[in-house]
Amino acid sequence: MTILHHSRDTQKDLEKVRRFSNIVEKKLSQLDDEKKIEKLTYEELQDFNKILQFADYLLCKYEERKAVHSLLKDFVDIVNNSSYSLGDLNDQIDELVMSAEDHTKNIKELQGNVSDNFVLNETRKRLQEPEEVDSKKNGSINLTKSSIPVYT
């Protein structure tokens, strides 16, 4: 086993490894997959099978996570859209409440104006009409009008 020393240029070694890896990949790609597998020993086949099972496990695991991620993303989108809709609805309700308060204020002002005008009109009528003497207040009895009808 070769030990890398700090004085060595690791960048050159990395480039060399990548170059060899590319050469090996080219040669392997030229061979048929079945021929490659037939040339493996029993132990190599077991190792290769374990690697394939692990790769399958990882791919399935992260594929499920993709599905969960997709579902959670959809759920978050639904919640966000609902909150925006509720925010818009709340704004519309606030506008309606302010409008109703404004109209209620106008109605109260009109009611006050009508009441004031009615009181003023009643006062004016009283001032313009001559005062009638109330017989009950003065204590006099009016004998000119009969309160009981007389039948003859």
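Condition test on N117, is it over 41 Å from the mean Cα position of the chain (by Cα), in a helix (DSSP H, G or I) and either at pLDDT below 80 or exposed (fewer than 10 other Cβ atoms within 10 Å of the Cβ) (or both)?
Details: over 41 Å from the mean Cα position of the chain (by Cα): yes; in a helix (DSSP H, G or I): yes; either at pLDDT below 80 or exposed (fewer than 10 other Cβ atoms within 10 Å of the Cβ) (or both): yes.
When the stated conditions are applied, N117 passes them.
The residues of the stretch 34-45 that are among the hydroxyl-bearing types (S, T, Y) and either part of a helix (DSSP H, G or I) or modelled with pLDDT of 85 or more (or both) amount to a single one, Y42.
Quick check: is even one residue across the stretch 46-59 out of contact with any Lys or Arg (no Cβ under 6 Å at 6 or more places or on another chain), exposed (fewer than 10 other Cβ atoms within 10 Å of the Cβ) and at pLDDT 75 or above? Checked the stretch 46-59: no residue is out of contact with any Lys or Arg (no Cβ under 6 Å at 6 or more places or on another chain), exposed (fewer than 10 other Cβ atoms within 10 Å of the Cβ) and at pLDDT 75 or above.
The values are calculated or read from the model by the stated rules, or taken from the named source; none is laboratory data. Because the structure is predicted, anything quoted here is derived from the model rather than measured. As a convention, Cβ positions derive from the backbone with ideal geometry for all residues, glycine included, and neighbour counts pool all protein chains shown.
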